[in-house]
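**Q** Here it is: the structure, laid out below.
The values are calculated or read from the model by the stated rules, or taken from the named source; none is laboratory data. This one's a predicted model, so the numbers in the text were calculated from it and none came from an experiment. Glycine also receives a Cβ, built like all others from the backbone with ideal geometry; neighbour counts cover every protein chain displayed.
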Amino acid sequence: MEHLTFRPFEAGDETAFRELNEAWIKQYFAMEAKDSKVLNDPVEYILRPGGEIVMAMLGDRAVGCCALLPMVDGGFEVAKMAVAEECRGRGFGKKLLANVVECARQMGAKRLYLETNKKLSNAIHVYESQGFTHLPPERVQRSPYARADVQMEMFL
């Protein structure tokens with residue numbers, strides 16, 4: 001059985017990053033303008049501003065990904081996390097998130113933030129299992145994504 005490994009985004013990963021994310025977004029929601037912008041140019045919208053993308057690999061095949069986007073408070077937003085449908089339920093998401101959290105620590109982040117949707121109960125469980133907590137209502141900010149109805153954070 002192949003072993004799951006993680007590595008930083010490399011030139012040539014653009015298609016896998018876009019396809020992995022489009023698959024889950026289209027499965028549960030609809031693509032939004034901001035999704036298309038970021039997924040069509042992750043170098044410009046994630047890496048160039050100081051973010052990071054972690055790719056989860058089975059052999060030479062990308063089966064997952066997750067981005068860290070820099071925030072104005074010095075923290076990072078955990079975004080565009082995806083695991084290929086045929087690989088779900090195997091703990092890959094939990095391992096990917098743990099790797100991303102460690103990456104953020106190494107980048108000096110003090111806080112991680114994420115937005116999700118209550119429909120994605122498995123994802124919420126993974127986030128909670130890694131230490132993310134739900135933002136209290138008075139701290140919830142308006143999201144640029146129509147589907148975002150859950151906001152969580154974790155202090156490192």
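**Q** Which of the residues spanning segment 2-22 are in a helix (DSSP H, G or I) and either of a type in the set (A, V, I, L, M, F, W, C) or in contact with a Leu (Cβ under 7 Å, 6 or more places away or on another chain) (or both)?
**A** Result: A16, F17, R18, L20, N21, E22.
**Q** Tell me whether segment 97-115 contains one or more residues that are at negative phi, surrounded by 15 or more Cβ atoms within 10 Å (Cβ to Cβ) and assigned to a loop (DSSP other than H, G, I, E, B).
**A** Among the residues of segment 97-115, at least one is at negative phi, surrounded by 15 or more Cβ atoms within 10 Å (Cβ to Cβ) and assigned to a loop (DSSP other than H, G, I, E, B), which makes the answer yes.
**Q** Can you go through V72, V43 and tell me which one is of a type in the set (V, I, T), modelled with pLDDT under 95, surrounded by fewer than 20 Cβ atoms within 10 Å (Cβ to Cβ) and more than 17 Å from A123 (Cβ to Cβ)?
**A** Unique residue meeting the criteria: V72.
**Q** Let me ask you something else. Hey, does segment 52-68 have a residue that's modelled with pLDDT under 95 and closer than 25 Å to H125 by Cα?
**A** Within segment 52-68, none of the residues are modelled with pLDDT under 95 and closer than 25 Å to H125 by Cα.
**Q** OK, next. With respect to A67, is the statement that it is surrounded by 14 or more Cβ atoms within 10 Å (Cβ to Cβ), closer than 18 Å to L20 by Cα, in contact with a Lys or Arg (Cβ under 7 Å, 6 or more places away or on another chain) and in contact (Cβ under 8 Å) with a residue 12 or more places away in the chain true?
**A** yes
**Q** Could you tell me which residue of segment 116-156 is farthest from the chain's Cα centre (by Cα), considering only residues that are loosely packed, with under 12 Cβ neighbours inside 10 Å and in a loop (DSSP other than H, G, I, E, B)?
**A** So, considering only residues that are loosely packed, with under 12 Cβ neighbours inside 10 Å and in a loop (DSSP other than H, G, I, E, B), the one farthest from the chain's Cα centre (by Cα) is P136.
**Q** Which one of these is out of contact with any helix residue (DSSP H, G or I) (no Cβ under 9 Å at 6 or more places or on another chain), assigned to a strand (DSSP E or B) and within 23 Å of D13 (Cα to Cα): M81, M57?
**A** M57
**Q** Would a scan of segment 76-88 turn up a residue that is over 16 Å from A123 (Cβ atoms) and either in contact with a Pro (Cβ under 9 Å, 6 or more places away or on another chain) or not acidic (D, E) (or both)?
**A** Yes; the residues of segment 76-88 include at least one that is over 16 Å from A123 (Cβ atoms) and either in contact with a Pro (Cβ under 9 Å, 6 or more places away or on another chain) or not acidic (D, E) (or both).
**Q** Something else: So which residues in segment 84-96 are in a helix (DSSP H, G or I) and either in contact with a Gly (Cβ under 8 Å, 6 or more places away or on another chain) or within 22 Å of K26 (Cβ to Cβ) (or both)?
**A** E85, E86, C87, F92, G93, L96
**Q** Additional query: For segment 23-53, which residues satisfy the criterion of being in a helix (DSSP H, G or I), without any contact (Cβ under 8 Å) to a residue 40 or more places away in the chain, out of contact with any Phe, Trp or Tyr (no Cβ under 7 Å at 6 or more places or on another chain) and more than 13 Å from A79 (Cα to Cα)?
**A** K26, A33, S36, N40, V43, E44
**Q** In segment 106-156, how many are touching a Gly at 6+ places or on another chain (Cβ under 6 Å) and among the β-branched types (V, I, T)?
**A** The total comes to 1.
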